[in-house]
1. Is it fair to say residue 230 is assigned to a loop (DSSP other than H, G, I, E, B) and either in the same structural domain as residue 178 (by TED's automatic domain parsing) or free of Cβ contacts under 8 Å to residues at least 24 places away in the same chain (or both)?
2. If you scan region 196-236, which residues turn out to be more than 30 Å from residue 130 (Cβ to Cβ) and either buried (at least 24 other Cβ atoms within 10 Å of the Cβ) or of a type outside the set (S, T, N, Q) (or both)?
3. Could you check, for region 260-268, whether at least one of its residues is over 15 Å from the mean Cα position of the chain (by Cα), modelled with pLDDT of 95 or more and within 30 Å of residue 328 (Cβ to Cβ)?
4. Given the residues 145, 203, 250, which is the only one that is at pLDDT below 95 and in contact with a Gly (Cβ under 9 Å, 6 or more places away or on another chain)?
5. Please enumerate the residues belonging to region 300-337 that are outside any loop (DSSP other than H, G, I, E, B) and either surrounded by fewer than 13 Cβ atoms within 10 Å (Cβ to Cβ) or in the same structural domain as residue 162 (by TED's automatic domain parsing) (or both).
6. Select from region 127-152 the residues that are surrounded by fewer than 24 Cβ atoms within 10 Å (Cβ to Cβ), not in a helix (DSSP H, G or I) and not aliphatic (A, V, I, L, M) and list them in ascending order.
7. Just one of 326, 312 is among the hydrophobic types (A, V, I, L, M, F, W, C), under 23 Å from residue 113 (Cα atoms) and at pLDDT 95 or above; which is it?
8. Please verify whether residue 239 is surrounded by fewer than 24 Cβ atoms within 10 Å (Cβ to Cβ), closer than 22 Å to residue 75 by Cα and small (Gly, Ala, Ser), treating the condition exactly as stated.
Amino acid sequence: MKTLIAAAALLILQGDAHPTFTVGTATAQRGQKGYGVLKVPAGSDAGYDIPVAIVHGARPGPVLAIVSGAHGTEYASIIAVQQLIDAVNPADLSGTLILVPLVNVPSFEKLTPHVNPTDNKSMNSRYPGDPAGTQTDRASAVITKAVVEPCDHLIDLHGGDLDENLRPYSYWTVTGNQTQDRESRAMLLAFGLDHIIISDRPKDPKASRFLENTATTRGKASFTAEAGRSGPVVAGDVAALVNGSIGTMKHLKMLPGAATPVANPIWVEKIVSIPAERDGVFHPSVDRDAHVAKGATIGFVTDYLNRPLQDVSAPEAGIVMFIRAVPSLKKGDTIVNIGVVSTTIR
């Protein structure tokens with residue numbers, strides 16, 4: 001406590017650009033935590049509140065936003081951000097954490113995968129949002145203004161949804177800005193997941209689509225990380241996201257100690273998706289993380305009387321990044337995502 005008081009006194013003497021920090025209704029003094037909400041206003045449909053917490057460090061430093069719950073049934077990521085609210089002591093922190101554990105509250109409350117049930121839109125495809133749009137558009141606009149704009153870096157946490165048997169991985173967006181790309185690469189290596197998808201995101205900040213890309217197109221080194229799958233919360237998945245976030249904070253010098261970057265990650269240069277050709281019942285033949293050859297059997301689809309409808313085989317060799325976790329299937333659903341490994345050292 002004496003150290004914290006001394007640090008605060010020194011900041012007062014030197015001049016502190018951010019003695020308090022406010023996001024939505026949450027406000028924190030230097031060296032404290034604050035709790036509140038981001039208010040999504042009513043429009044063509046109802047408004048709602050998005051929970052937010054601030055950890056305002058005892059010393060100045062970067063502003064890092066960590067956001068989860070764009071899909072409200074990707075539970076491991078939501079629990080991970082909840083745990084970070086308690087895990088990070090502001091007395092140890094240089095800089096400020098903006099923590100948003102649950103963006104898609106309607107999805108969480110109604111157990112709806114992939115979309116916001118209010119308007120049937122994905123809450124990670126509408127950024128930077130539209131204040132005059134439906135609920136998802138307005139929520140995205142609020143997050144862009146209240147969370148993305150004031151942060152220096154952003155981590156968007158996800159995981160397998162209720163119907164996705166997913167292995168953990170990160171996304172690295174290559175912008176062509178060497179300084180920014182080098183920093184985002186270092187951040188995700190410090191996070192520690194050993195499979196990294198090289199993603200090609202939209203370049204227009206006015207049509208950024210994804211949350212991470214909304215920060216990236218605004219010049220902020222950022223990335224996405226995924227762990228967790230198919231409903232139940234596994235402690236190891238939560239720990240991967242919590243420890244990864246702390247590793248990135250150490251890299252950014254927000255927390256004491258050295259980060260331990262992942263060594264020799266597997267770089268995935270593209271994702272090949274196989275959709276369902278019609279409604280039916282899916283029967284998998286492989287598990288998540290399987291390494292499959294081109295033409296290998298992934299599974300098959302039957303009708304409700306077990307008559308064959310579709311054989312699913314790998315169009316290219318690669319790694320099963322996720323495979324459908326449940327038998328129920330409708331036309332157009334993604335059955336499997338196969339990651340094609342890059343032959344280039346990154």
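1. Working: assigned to a loop (DSSP other than H, G, I, E, B): yes; either in the same structural domain as residue 178 (by TED's automatic domain parsing) or free of Cβ contacts under 8 Å to residues at least 24 places away in the same chain (or both): yes.
Yes, satisfied.
2. Once the filter is applied, which keeps residues that are more than 30 Å from residue 130 (Cβ to Cβ) and either buried (at least 24 other Cβ atoms within 10 Å of the Cβ) or of a type outside the set (S, T, N, Q) (or both), region 196-236 yields 196, 227, 229, 231, 232, 233, 234, 235, 236.
3. Within region 260-268, one or more residues are over 15 Å from the mean Cα position of the chain (by Cα), modelled with pLDDT of 95 or more and within 30 Å of residue 328 (Cβ to Cβ).
4. Numbers: 145 fails: at pLDDT below 95; 250 fails: at pLDDT below 95.
Of the residues listed, the single one that is at pLDDT below 95 and in contact with a Gly (Cβ under 9 Å, 6 or more places away or on another chain) is 203.
5. The first filter runs over region 300-337 and keeps only residues outside any loop (DSSP other than H, G, I, E, B), leaving 300-302, 308-313, 318-324, 328-329, 334-337.
Selection gives 308, 311, 328.
6. Residues satisfying the conditions are 128, 129, 130, 131, 133, 134, 149, 150, 151, 152.
7. On the way: 312 fails: under 23 Å from residue 113 (Cα atoms).
326 is the lone residue from the list that is among the hydrophobic types (A, V, I, L, M, F, W, C), under 23 Å from residue 113 (Cα atoms) and at pLDDT 95 or above.
8. Details: surrounded by fewer than 24 Cβ atoms within 10 Å (Cβ to Cβ): yes; closer than 22 Å to residue 75 by Cα: yes; small (Gly, Ala, Ser): yes.
It is true that residue 239 is surrounded by fewer than 24 Cβ atoms within 10 Å (Cβ to Cβ), closer than 22 Å to residue 75 by Cα and small (Gly, Ala, Ser).
The values are calculated or read from the model by the stated rules, or taken from the named source; none is laboratory data. Here the structure is a predicted model, which means the values were calculated and not measured. Positions of Cβ are generated from backbone atoms using ideal geometry, with glycine treated the same way; all protein chains shown enter the neighbour counts.
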